[in-house]
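Computed from the coordinates by the stated procedures, all read-outs in this text should not be read as laboratory data. No experiment lies behind these values; they were computed from the predicted model shown. Here Cβ is always computed from backbone atoms with ideal geometry, including for glycine, and neighbour counts include all displayed protein chains.
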Amino acid sequence: MHLSREAIVEGLQRIVGPADVITDRRILVESSVDNFRKLQNIFDVHTMPVPAAIVMARSTEQVAAILRFAGEHTINVIPRTGGTATEGGLESAVPDSIIIDGSAMNRIVDIDAYDMQATCQCGVPLQALEDRVRELGLTTGHSPQSKPVAHMGGLVATRSIGQFSTLYGGIEDMVVGLEAVFPGGIVTRIKNVPRRAAGPDIRHVVIGNEGALCFITEVTVKLFPYFPENNVFLGYTLKDMKTGFEVLRAVMVNGYKPSVARVYDPGDAGLHFSHFAADDDCVLLFMAEGPAGIAKATADGIAAIVAGFAECTRVDSAYIETWFNDLCWGPDKITAEDERIRQTLNVNRTTEISADWSSINDIYQAARARIIAEIPDITMMGGHSSHSYINGTNMYFNYFFNVVGVGPEEETAKYYLPIIGIICEETLKRGGSIVHHHGMGKARAPWVRDEYGSSYYILETLKHAFDPEGIMNKGTIFPL
Amino acid sequence: MSAVRVLVCFKVTPDFEALREADWAAAATQGVQTRYVRRVLNCFDESALELALGLSDAAARLGVTVELGALSIGGREVDPYLKTLVALGYERAARVAAGADGDIADTDAAGVGVGAAAGAAGVDGAGLDRAASGLDFAPAVVASIIASYVLRADHSDLLVLGCRSGPGDGGTVPFRVAEALGWPCLTRVTSIEPLGDGRLRVGAMVDDGLLRVTLRPPCVLAVGNALVSHLRAPTLKDRLERRERRIDVLAAADLGLDIAAELRREACVPTALETIDRRRRGAVIAGATPRDKARTLFDSYLSDLIETL
């Protein structure tokens, strides 16, 4: 039976108490979008359906009860923790949704320095966990740019990746076990073990589900020894992205594991490195870390490989180290960026894809050329590769455009979605993946069948099996 | 009526917020090492540059031409900013390459024109950075360069610049330039509007509020905490269309100045750096419900403050 907004609120209040059900109109309106429609939020112009309520869950049992309630009445639920999503995953696509907010489940359950793993509730900020384990000389190894504001549940739900991924891997390489609640209030725990071969790896049903299958309540991640004193930084300038990709490939194929391996194109490099790079320079950079011997051997090996590319010119490592120390974005930088956008109507967006070594440069070149030619009012079109593997790498397109002649509510239709469309088309054409680490959200959901091809059968079956009523985050991953 | 010729002076500074706390701690004995952090526009100058563009836009709507020029003092780190300004419609873009070791100029950068003395010096100034030029704590020398450029090269009749810039933050350059030019100077400027008859309506902060004055150039406007604080961005098409416009690079000698000698006369010399501890005491308020926390906040922290008001 369809419930009124008032009845939804009353039902939630019976589960968690009135104090933990937010019905303030202003908060609900602001929560109807995430950073995908940040221009609308900045100008307070909202077009998405307003959620019925935000419910602050404080326990796994409460989450289970909320999901049972939502299932009984077929109410759409949107799981969230830190709320830093960029691809529309937290948008309320249908009226009268319930946002289940896990940010109050913020207890670090256990830090086990012997078995090298830490267990925390979904609402623990990554920065808080990292700060705690650093006191023990350890690190999570996970450092996305959103580290100061993102929470563990959301990071696992969106299949996050961090700046040191080339050494530590993505979040999927770090999660050893977890707890999740499925529709119907079914609580599942996947135990923490180093590895097992007892059938399919069911962690991957949960990791990256973006709230479209379940709500993640607890995660256990690996820990690593932390040796910042051994970090070695390397930086180079060069003129051609193709060469940059070739260097990255050579480093990976020769077996080196730097924690950071990146190449920036001239446009993107101009935003970060204009104090040492010319305006037509690409910038290539590495960081090696770990025990002293490994860090040194890694840096030496990479330096020897890059020396084989005559086009690369070494720069003072202090440039790279200093830049890296200021890379993460906290609330202060986000607020400053919002103000810049409000004043200038110059909007910055990003879209990340991945592909094999044979294709990545062609995708970069083709997408960049098309966007410059087809999209009006572009002020910067660039990007960088920041996560490399033995068989390929990612491309993080970074672009700015002036919003001209349309209101904030039309920005996505006039600029953002057409750009995403070009990037997805050029990537799919060459066999790459249209999403490297931000998640599908609702922004790239229209391409999900093309992304998966015949394997869409597996994905679709998961949805039907775990969310038969279709109450989990409608429109995310699976388009409406 | 004749066109208004505007010159905006700006400074490219290290992004001090990108420095680590440890860099400042070391600074007391070694001097602040800013070479490795990225460069940004001085925030007050960024306001000045955008206010001038707004003035130009508004004047065009009144049928008045505003000719915009931009001037900076420094090394090649300034050039990307000058190219951006050219793409945005600044018709004149110039850099004075002045350093503590004399006059240095670039000779190989595309689209860069070189003054006579700068060309004669023939030295590649790629490594020269404003932060290393000795001018950061030399407001008299900076003012001298700007005033000489206005009188000898640009002949502008409205000078707009930020009220101060780091790391010196002395705030005396606008006054010194105005004195050298013999022009009036209005400070803490927040808005500039054309009236269409050659006069300007200028808003400026004063201690009691906002002052609005009508004035006729020539004058110096020192921009303070304006609401307009970010420079607009040119499109790639704008950049392409104006990429052939040249940036003038001058040596101080082109302006009849001997910077080294002027620096020796400069009275302001930094001798020590003392860090200010701006940490504030904090507490996490405990309570079972938001109502309990609000009560604790009020009883423990706010009620006394309210009584004192």
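Using 18 Å as the Cα-Cα cut-off, could you pick out the over-long pairs in A:Lys442/A:Lys463; A:Lys222/A:Lys463; A:Lys429/A:Lys463? Result: A:Lys222/A:Lys463; A:Lys429/A:Lys463 exceed 18 Å. Using C-alpha pairs under 8 Å with a sequence gap of at least 6, the mean separation divided by the residue count of chain A gives a relative contact order of 17 percent. Counting only DSSP beta bridges whose two residues both lie in the protein assembly as shown, roughly 65 percent are antiparallel.
Per-residue ellipticity at 222 nm from helix content only, as computed over chain A with -39500 (n - 2.57) for each DSSP H run of at least four residues, stands at -10000 deg cm²/dmol.
Per-residue 3J(HN,Hα) values for the stretch A:5-13, derived from phi via the Karplus relation 6.51 cos²θ - 1.76 cosθ + 1.60 with θ = phi - 60°, read 4, 5, 5, 4, 4, 4, x, 5, 4 Hz in sequence order (x marks Gly and Pro). Result for chain B in a Gaussian network model with C-alpha springs under 10 Å: among B:Asp292, B:Asp258, B:Asp248, the largest mean-square fluctuation is at B:Asp292. Rounded to whole Å, the principal axis extents of the Cα atoms in the stretch A:108-225 read 40, 30, 27, largest first. Annotation note: trypsin sites (Lys or Arg not before Pro) in the stretch A:186-282 located in DSSP loop regions with a Cβ neighbour count of at most 16 within 10 Å are A:Lys191, A:Arg195, A:Arg196, A:Lys239. The lysines whose alpha-carbon is closer than 21 Å to the alpha-carbon of A:Lys239, local same-chain residues fewer than 8 away aside, are B:Lys83.
When you filter the GluC sites (Glu not before Pro) in the stretch A:111-177 for DSSP loop state and at most 14 other Cβ atoms inside 10 Å of their Cβ, you are left with A:Glu135.
Of the two radii for the stretch A:306-394, the radius of gyration is 1.02 times the Kirkwood radius, both from the alpha carbons; that is the Rg over Rh value.
Run a plain Debye calculation on the stretch B:135-289 (Cα atoms as equal point scatterers, no solvent) and give log10 I(q)/I(0) at q = 0.16 Å⁻¹, rounded to two decimals, same order as the q list. For the stretch B:135-289 at q = 0.16 Å⁻¹, log10 I(q)/I(0) is -1.11. Of B:Thr296, B:Thr271, B:Thr65, which is the most mobile in a GNM of chain B whose springs link Cα atoms less than 10 angstrom apart? In this elastic network of chain B, the residue with the biggest mean-square fluctuation among B:Thr296, B:Thr271, B:Thr65 is B:Thr296. Given their separation in residues at 0.36 nm each and the Cα-Cα distance between them, A:Thr313 and A:Glu246 gain 22.6 nm when the chain is fully extended. Extension gain for the segment B:Thr275 to B:Lys237, taken as residue separation times 0.36 nm less the Cα-Cα distance, is 9.1 nm to one decimal.
Anyone know which of B:Gly75, B:Gly209, B:Gly54 comes out most mobile in the 10 Å Cα GNM of chain B? Checking each option, the largest mean-square fluctuation is seen for B:Gly209.
Seen against the Cα atoms of chain B and their longest principal axis, helix B:21-30 is set at about 60 degrees. Around the amide H of A:Gly208, modelled in the peptide plane, lie the amide H atoms of A:Ala157, A:Thr158, A:Arg159, all under 5 Å away and 5 or more residues distant in sequence or on another chain. Close amide H contacts of A:Ala53 (hydrogens built in the peptide plane, cut-off under 5 Å, sequence separation of 5 or more or a different chain): A:Ile99. Of the GluC sites (Glu not before Pro) found in the stretch A:373-480, those that fall in a DSSP loop while having at most 14 other beta-carbon atoms within 10 Å are A:Glu469. The alpha carbon centroids of the stretch A:33-86 and the stretch A:345-375 are separated by 31 Å. Computed over the stretch A:157-270, the P(r) tail beyond 19 angstrom holds 61 percent of alpha carbon pairs. Applying Stokes-Einstein at 10 °C and 1.306 mPa s to the Kirkwood radius of the stretch A:228-324, computed over alpha-carbon pairs, gives a translational diffusion coefficient of 120 µm² s⁻¹. Distance from the Cα centroid of the stretch A:109-134 to that of the stretch B:254-309 is 32 Å (rounded to whole angstrom). With a Cα-only, solvent-free Debye model of the protein assembly as shown, what are the log10 I(q)/I(0) values at q = 0.06, 0.11 Å⁻¹? Reported log10 I(q)/I(0), two decimals: -0.44, -1.34.
For the stretch A:331-463, the average shadow cast by the Cα convex hull is 9.5 nm², which is a quarter of the hull's surface.
Over chain B, calculate the relative contact order: mean separation of alpha carbon pairs under 8 Å at least 6 apart, over the residue count, as a percent.
Normalised by residue count, the contact order of chain B is 24 percent.
Helical content alone sets the calculated 222 nm signal of chain B at -8500 deg cm²/dmol, taking -39,500 (n - 2.57) per DSSP H segment of four or more residues and averaging over every residue. Computed from backbone phi with θ = phi - 60° and the Karplus coefficients 6.51, -1.76 and 1.60, the 3J(HN,Hα) list for the stretch A:122-129 is 5, x, 6, x, 4, 4, 5, 5 Hz; x is used for glycine and proline.
The angle separating the long axis of helix B:43-61 from the principal Cα axis of greatest extent in chain B is about 60 degrees.
Rounded to whole numbers, the Karplus 3J(HN,Hα) couplings from phi for the stretch A:232-242 are 10, 10, 10, x, 9, 10, 7, 9, 9, 4, 4 Hz, using 6.51 cos²θ - 1.76 cosθ + 1.60 with θ = phi - 60°, and x at Gly and Pro.
Per-residue extension of 0.36 nm, minus the Cα-Cα distance of B:Arg245 and B:Asp169, leaves a gain of 24.1 nm for this segment. Using R0 = 41 Å, the C-beta based FRET efficiency linking A:Arg196 and A:Glu425 works out to 0.55. Taking the C-alpha atoms only, the angle from helix A:417-429 to the longest principal axis of chain A is near 60 degrees. At a Förster distance of 56 Å, what's the computed FRET efficiency of B:Asp292 paired with A:Asp173, Cβ-Cβ distance as r, to 0.05? About 0.85, to the nearest 0.05. For the stretch A:108-225, the dipole from Cβ point charges (+1 on Lys and Arg, -1 on Asp and Glu) about the Cα centre works out to 180 debye, to the nearest 20. Across the stretch A:5-103, the relative contact order, built from alpha-carbon pairs under 8 Å that are at least six residues apart, equals 35 percent.
Between A:Pro194, A:Val133, A:Ala57, the Cα set farthest toward the positive side of the dipole of the protein assembly as shown (charges on each charged residue's Cβ, about the Cα centre) is that of A:Ala57.
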